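The values are calculated or read from the model by the stated rules, or taken from the named source; none is laboratory data. Just so you know, these numbers come straight off a predicted model, no measurement behind them. Note: ideal-geometry Cβ built from the backbone for every residue, glycine included; neighbour counts use all protein chains shown.
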Amino acid sequence: MLAIMISKNAWNEMWALLNAQPSLTVTEDAILEQIRSVSSIGTARKCISLLRTFGLISTTSGKLTHLGKRWASEETYPSVCKELIRKQYPAGAEPVLGRSDLTRTEKAQWLMDHTGMQQAGAEKNVTFFSVLSEGAAGTLPNLGGIDAAEPNVRDDPEDECRDPRSVTVTISSQIPPEEMASILTVLSSSITKSNLTISFTA
């Protein structure tokens, strides 16, 4: 089972963005510019990966698919949330994860037992189930702003893909000119999403 590495804030903001701009091409830059709860390239990539996995945006064009357009609509958002629960969670999960008498840990243990997931991923999927469950019940994403009680994606300690968008490289000036040109070419082509600063040592 896919570990859903996204916060409620990011989900709500992405829905609001695509509800307002259904023709938008979803890119890392678009998310970083317009989603306040996402502040790193790594997290933006996770958001895009999730939307693609859910079938909400095209893997080639980055635009909303037919399912995505239904998801981004107030009228059909609840029905899409129901579909996503059925597609993304194992059989029997809905009645268990929807129980109010079970703790988050107990629900996560059920997912671990039935999917083989690790605890951290299972707990995140339990949390996201509540987001989809609220949507399935007819509750639209909060358009009033970020929920202060919900940790932002940028605060996730497991975000191993953080990218501060600034990279500094120090190169020895003793390197022969012909080799220096090759090194600079490799650096400029491999670091494309960050501000690259190069300094030289004697």
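What the table below lists for this structure:
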{"item": "Residue in the stretch 34-52 that is of a type in the set (Val, Ile, Thr) and either surrounded by fewer than 16 Cβ atoms within 10 Å (Cβ to Cβ) or outside the structural domain of Met112 (by TED's automatic domain parsing) (or both) present", "result": "no"}
{"item": "Flag if Leu102 is in a helix (DSSP H, G or I) and either in contact with a strand residue (DSSP E or B) (Cβ under 9 Å, 6 or more places away or on another chain) or not small (Gly, Ala, Ser) (or both)", "result": "no"}
{"item": "Filter result (surrounded by fewer than 16 Cβ atoms within 10 Å (Cβ to Cβ), polar (S, T, N, Q) and farther than 16 Å from Met5 by Cα) within the stretch 93-139", "result": "Ser100, Thr103, Thr105, Thr139"}
{"item": "Residue count for the stretch 36-77, restricted to those that are over 20 Å from Gln88 (Cβ atoms), of a type in the set (A, V, I, L, M) and touching a residue at least 24 places away in the same chain (Cβ under 8 Å)", "result": "2"}
{"item": "Exclusive hit being free of Cβ contacts under 8 Å to residues at least 60 places away in the same chain and outside any loop (DSSP other than H, G, I, E, B), set Val26, Val96", "result": "Val96"}
{"item": "Total residues in the stretch 62-85, condition exposed (fewer than 13 other Cβ atoms within 10 Å of the Cβ) and either under 17 Å from Glu134 (Cα atoms) or aliphatic (A, V, I, L, M) (or both)", "result": "2"}
